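Only one structure is covered here, and it is reproduced in the block below.
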Amino acid sequence: MKIGMYSDSLHTLSLEEFLDAVASIGLDCVEFGTGCWSTSPHLNLDLLLQSYSERESLRAKLTERRLQISALNCSGNPLQPGPKGQQHDDITRKTIALAEMLDVERVVMMSGCPAAPGDQTPNWITVAWPPELTQILEWQWKEVVIPYWMPLAAFAAAKGRRLCLELHGHQAVYNVETFFRLRDAVGATVGVNFDPSHLFWMGADPLTAIRALGDAIYHAHAKDARIELRNARRNGLLDGKPVVPTEPRSWNFVSVGKGHNSEFWHEFVATLQKSGYDDVLSVEHEDYSAKSSADILRDVKATKTLLTIGH
């Protein structure tokens, strides 16, 4: 396995500072955010699309530090009605175009979540009752999700890029079943960016999910989640409170190893490999107990050590 890092994890650093930091702890790859929910802290998407010299400058900075780009990440909600959804769709298509120009095979994103009919606010349907919810869910898939994704998958396929969907809450695609519903409709250009942290808090077993997905895994994130049992036993795992403060929450994102022990993470890597994925693990750092870039880098260095022991 190669170990990389998602650029938003160190969003306060300049591009050069970020690349130096990644190289200094011995990582192999970077995953750049390009917009939508990312502030795109290190890349100017439009400038890179327009300027060959800017693209060559970026390549040179990476080569100098012996780094590669594992993926571009434009996670957002292109299915949201109105200007925001249109903006996210525009950034998504620009990101796919830039990936082709930079010879980056993979674009990480999310499926998006539609609104209910006639509404403007995305509506994530997770229960079957009251009965109107199943009607909304079917409408979302038939009228919005599949009609959007069929041409987008064709656009990416024409450019030779693969789309890696993260199984994430408040998305039409959030688990193995919903992923295959989309893939069966639009084809194998669409695969998974496998991030176990979201499956933990949704109650799924990441190892079982990996085995079910098999060769549909195109990219992977290394990120952990910790179930806060005192709160979860009282309130359950559905938690709409802000991510900080962390103490009242039923679960929190944490650095790799702080939610699940090294035995799990060794089995995680081994299961990915047995399922056919032996590529990049991109560290996405969302541990809100880490307050500085130095803290984050220490956590990432520990993650690299844990994930590579025995592999």
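Side notes on the structure shown:
- Segment 13-27, residues that are under 11 Å from VAL283 (Cβ atoms) and acidic (Asp, Glu): none
- All positions within segment 186-229 that are aromatic (Phe, Trp, Tyr) and touching a Gly at 6+ places or on another chain (Cβ under 9 Å): PHE200, TRP201, TYR218
- Condition met for VAL256 (part of a loop (DSSP other than H, G, I, E, B) and surrounded by 20 or more Cβ atoms within 10 Å (Cβ to Cβ)): yes
- Among the residues of segment 228-249, just one is open to solvent by less than 50 Å² (accessible area, probe 1.4 Å) and in contact with a helix residue (DSSP H, G or I) (Cβ under 7 Å, 6 or more places away or on another chain), namely ARG249.
- Residue in segment 203-227 that is surrounded by the most Cβ atoms within 10 Å (Cβ to Cβ), counting only those that are more than 15 Å from THR271 (Cα to Cα) and aliphatic (A, V, I, L, M): ALA225
- Matching residues, segment 273-285, being under 10 Å from GLY214 (Cα atoms) and either open to solvent by less than 30 Å² (accessible area, probe 1.4 Å) or of a type in the set (A, V, I, L, M) (or both): SER275, TYR277
- Here is the figure for segment 38-61: residues that are assigned to a loop (DSSP other than H, G, I, E, B) and either open to solvent by less than 30 Å² (accessible area, probe 1.4 Å) or aliphatic (A, V, I, L, M) (or both) total 5.
- Comparison of ALA270, ALA290 shows that the only residue that is at pLDDT below 95 and open to solvent by 10 Å² or more (accessible area, probe 1.4 Å) is ALA290.
- Sole exception among (1) exposed (fewer than 14 other Cβ atoms within 10 Å of the Cβ); (2) assigned to a helix (DSSP H, G or I) for ASP299, by number: (1)
- First in segment 81-101 and touching a residue at least 24 places away in the same chain (Cβ under 8 Å), second anywhere and open to solvent by 70 Å² or more (accessible area, probe 1.4 Å), Cβ under 7 Å, 6 or more apart: PRO81/GLN120; GLY82/GLN120
- Of all residues in segment 22-37, those satisfying the criterion of being open to solvent by 10 Å² or more (accessible area, probe 1.4 Å) and small (Gly, Ala, Ser) are ALA23, SER24, GLY26.
- Members of segment 184-203 found to be assigned to a helix (DSSP H, G or I) and either in contact with a Ser or Thr (Cβ under 9 Å, 6 or more places away or on another chain) or under 28 Å from SER250 (Cβ atoms) (or both), listed by number: PRO196, SER197, HIS198, LEU199, PHE200, TRP201, MET202
- Taking (1) over 22 Å from the mean Cα position of the chain (by Cα); (2) within 21 Å of LEU167 (Cα to Cα); (3) of a type outside the set (D, E, K, R) in turn, LEU49 satisfies each apart from (2).
- Contact map, segment 108-134: residues that are touching a residue at least 60 places away in the same chain (Cβ under 8 Å) paired with residues that are open to solvent by 30 Å² or more (accessible area, probe 1.4 Å) and part of a loop (DSSP other than H, G, I, E, B), Cβ distance under 6 Å, separation 6+ or inter-chain. Pairs shown: MET110/HIS168.
- Output for segment 82-119, where each listed residue is part of a loop (DSSP other than H, G, I, E, B) and open to solvent by 40 Å² or more (accessible area, probe 1.4 Å): ASP103, GLU105, PRO117, GLY118, ASP119
The values are calculated or read from the model by the stated rules, or taken from the named source; none is laboratory data. These numbers come from a predicted model, not from an experiment. Note that we place each Cβ from the backbone using ideal geometry, even for glycine, and neighbour counts take in every protein chain shown. Side chains are part of the model used for accessible areas, which takes the heavy atoms of the whole protein and leaves out ligands, DNA and RNA. Shrake-Rupley method; radii C 1.70, N 1.55, O 1.52, S 1.80 Å.
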